[in-house]
Amino acid sequence: MLKQRTLKTLTRAVGVGLHSGQRVEITLRPAHPNTGIVFRRVDLPDPVEIPVSALAVTETRMASTISCGSAKVHTVEHLMSACAGLGIDNLYVDITAEEMPILDGSAASFVFLLQSAGIELQDAPRQFILLKQAVEVRQGKGVHEKWARLEPFHGYQLSFEIDFSHPAVDSTGQRLLFDISAGSFTKDIARARTFGFTKDVEMMRTNGLALGGGLDNAIVIDDYKVLNAGGLRYDDEFVKHKILDAMGDLYLVGKPLLAKYSAFRSGHALNNLLLRELLDHPEAWDLVTFADSQQAPAGYAQLARTW
Ligand SMILES: [Zn+2]
């Protein structure tokens, strides 16, 4: 049986929120089978639990925010991406502020934390969302066109295209296909950092965004070039980060997908609309498990090791 996975033990990290600039502590804790991933605002007088779901996403400006009543957690997508990449089904995320720590701007620090805690197999079958029919969302026309699509596929493949006309981005690959059966999330995707343009930073800060952002947790680009002294971590780090974000945004549906995702200029908002479109079409998917793990696609049958 292909089993659900959680952590072996708890693990902690301290950092600042990318947008709020606020100090925040997180504690990642094991959870029972079928719990899913549940954020807990432990700083509130009565701690509030926010289980992840496509419908819990309430804001998508610059980051994905989940809410329960007035309790929120901003910028959940990089941890969610690490959980998708390592195949973590059940997890409590205790958090002491309204925004996740940005750490190094990628999913690598979360991968390190989760792997250091150890991953444990649980005695319950892992449930997948198996696409039976394509679903698609589209917005805008001409230069403003963007779209995202999920279609049937035995495995999990993501194909993303960005379209920045900027000298520092143009010179890199703007298109990428990542297949979890062929590539390694940890090596190929997890280290890609979030990025921002100096021309936008002033406007963002006026709007209370990017207050915790800087060269140690983002790729910063002026009108011509990347300003980080070390340059890029991958030649195509920008589109890789978009795939990292998409894996995190899509995992907010609460279960791993058996599907091919393709997207053109998508982002947090459109990724969430795609999940809502999927949930609105129950005929387009089934929930499946694998009694024989050898029947599961290679990328899911051979996830990050457990010990
Ligand atoms: Zn991101």
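Let me spell out the model: positive unit charges on the Cβ of Lys and Arg, negative unit charges on the Cβ of Asp and Glu, origin at the Cα centre of the stretch 154-196. What dipole size does that give, in debye rounded to 20?
220
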*Suppose every K and R has +1 on its Cβ and every D and E has -1 on its Cβ; what is the size of the dipole of the stretch 107-150 about the Cα centre, in Debye to the nearest 20?*
380
_Please report the accessible area of GLU77 (heavy atoms, 1.4 Å probe, ligands and nucleic acids excluded) in Å², nearest 10._
0
*Estimated dipole of the chain in Debye, rounded to 20 [Cβ of Lys and Arg +1, of Asp and Glu -1, Cα centre]*: 320
*Got a sec? Charge dipole of the stretch 177-307, +1 on Cβ for Lys and Arg, -1 for Asp and Glu; which of TYR251, LEU232, ILE180 is way out at the positive end?*
LEU232
*Length-normalised contact order of the chain in % [C-alpha pairs under 8 Å, at least 6 apart]*: 27
*Considering only DSSP beta bridges with both partners in the stretch 71-230, what is the antiparallel share in %, to the nearest 5?*
75
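What net charge is computed for the residues neighbouring PRO125, neighbours being all others with C-beta under 13 Å from the C-beta of PRO125, Lys and Arg scored +1, Asp and Glu -1?
Numbers: positive: LYS3, ARG5, ARG126, LYS255; negative: ASP89, ASP123, ASP292.
Neighbour charge sum, excluding PRO125 itself: +1.
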*If all Cα-Cα distances of the stretch 3-162 are sorted into 10 Å bins from 0 onward, what percent lands in each bin, rounded to whole numbers?*
10, 35, 35, 18, 3, 0
*Classify the stretch 94-191 as rounded, prolate or oblate, taking a ≥ b ≥ c as the square roots of the eigenvalues of its Cα gyration tensor: rounded when a/c is under 1.5, otherwise prolate if a/b is larger than b/c and oblate if not.*
oblate
*Counting only C-alpha contacts under 8 Å and six or more residues apart, can you give the relative contact order of the stretch 38-120 as a whole percent?*
29
*Over the stretch 195-267, what relative contact order in percent results from Cα pairs under 8 Å that are six or more residues apart?*
24
*Work from the charge dipole of the stretch 2-62 (Cβ charges, +1 for Lys and Arg, -1 for Asp and Glu, about the Cα centre) and give the residue of LEU28, GLN4, VAL38 farthest towards its positive end.*
GLN4
*Can you work out D for the chain in µm² s⁻¹ from Stokes-Einstein, where Rh is the Kirkwood radius over C-alpha pairs, the temperature is 25 °C and the viscosity is 0.890 mPa s?*
126
*Based on the alpha-carbon gyration tensor of the stretch 156-226 and its eigenvalue square roots a ≥ b ≥ c, which shape applies: rounded if a/c is under 1.5, prolate if not and a/b is larger than b/c, or oblate?*
prolate
*If you find the alpha carbon centre of the stretch 157-230 and of the stretch 1-41, how far apart are they in angstrom?*
24
*Can you tell which of ALA291, SER53, LEU270 lies farthest toward the positive end of the dipole of the chain, using +1 and -1 charges on the Cβ of basic and acidic side chains (Lys, Arg; Asp, Glu)?*
ALA291
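The values are calculated or read from the model by the stated rules, or taken from the named source; none is laboratory data. The shown structure was predicted, so the numbers you read here are calculated from the model rather than taken from an experiment. Cβ sites come from the backbone with ideal geometry, for glycine too, and all protein chains shown count toward neighbours. Surface areas here come from the heavy atoms of the whole protein model, side chains and all, with no ligands, DNA or RNA. Shrake-Rupley method; radii C 1.70, N 1.55, O 1.52, S 1.80 Å.
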